[in-house]
Amino acid sequence: MDDTDVHPLLSAYLERRESLLRYFRVRLRSDEAAEDLVQDIYLKIVDRRAETIDNPVAYLYRLGTNLMLDRIKVRRRAEARDAQWRGAHVSDIGGDQVVDEVPADQATAAKQQLSRVLEAVEAMPPAAREAFRLHKLEGLSHAETAAAMGVSRSSIEKYMMASLKLIVAKVGRWP
């Protein structure tokens, strides 16, 4: 390839690659991060069309600085997000960090129990199922459930007793 075939920006990059590496190595305090950043500069300029840039060297440093700042912003956001998650889900017990999660076997058992409860609810007669949904899931009182269904409060109490007996018979008692 003849030097006249190389775009001035790419030519400046090839001439200054080592200088760019040193410059960003100092700022990023990492050989690997500087190498990645200088490679990203190359990827940004290699496919650029032959536009005229007055100072290609200054452009390369500005492009690298912008890429570096973008990476720093992304890293800080990730660190803030991780710190927020740790604050909400991790406890410090005796100097050890412990994740506040339900053990996998308990989570699996709870999902299975929920599945059995849902099957029991589906097996209920329609009126009892509707009373259960309104009272237990929607949070309506017995009187509000009765008004919504157009039945007496006594009927709702009977539906709820029958519903709970059916659930306990199919699922058992839960804590």
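The values are calculated or read from the model by the stated rules, or taken from the named source; none is laboratory data. Fair warning: this is a prediction, and the values are worked out from it, not measured in the lab. Please note: Cβ atoms are built from the backbone with ideal geometry, for glycine as well, and neighbour counts cover all protein chains shown. With ligands, DNA and RNA removed, areas are computed over all heavy atoms of the protein, side chains included. Shrake-Rupley method; radii C 1.70, N 1.55, O 1.52, S 1.80 Å.
Worth pointing out:
One line per residue, one yes/no per condition, for (1) hydrophobic (A, V, I, L, M, F, W, C); (2) within 38 Å of the chain's Cα centre (by Cα):
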site	(1), (2)
R62	no, yes
W85	yes, yes
G94	no, yes
A123	yes, yes
A128	yes, no
L134	yes, yes
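- Subset of segment 153-175 (residues that are open to solvent by 60 Å² or more (accessible area, probe 1.4 Å) and among the hydroxyl-bearing types (S, T, Y)): Y159
- Residue in segment 47-54 that is of a type outside the set (F, W, Y) and either over 30 Å from L9 (Cα atoms) or at pLDDT 90 or above (or both) present: no
- Helices (runs of 4 or more DSSP H) completely within segment 30-126 that count 2 or more residues being in contact (Cβ under 8 Å) with a residue 40 or more places away in the chain: 56-89, 104-122
- Filter result for Y59 (surrounded by 14 or more Cβ atoms within 10 Å (Cβ to Cβ) and closer than 30 Å to V46 by Cβ): yes
- Segment 131-142, residues that are in contact with a helix residue (DSSP H, G or I) (Cβ under 6 Å, 6 or more places away or on another chain), open to solvent by 40 Å² or more (accessible area, probe 1.4 Å) and part of a helix (DSSP H, G or I): H135, H142
- For the criterion of being among the charged types (D, E, K, R), touching a residue at least 40 places away in the same chain (Cβ under 8 Å) and open to solvent by 100 Å² or more (accessible area, probe 1.4 Å), R27 passes.
- Residue in segment 80-103 that is hydroxyl-bearing (S, T, Y) and either modelled with pLDDT under 85 or surrounded by 12 or more Cβ atoms within 10 Å (Cβ to Cβ) (or both) present: yes
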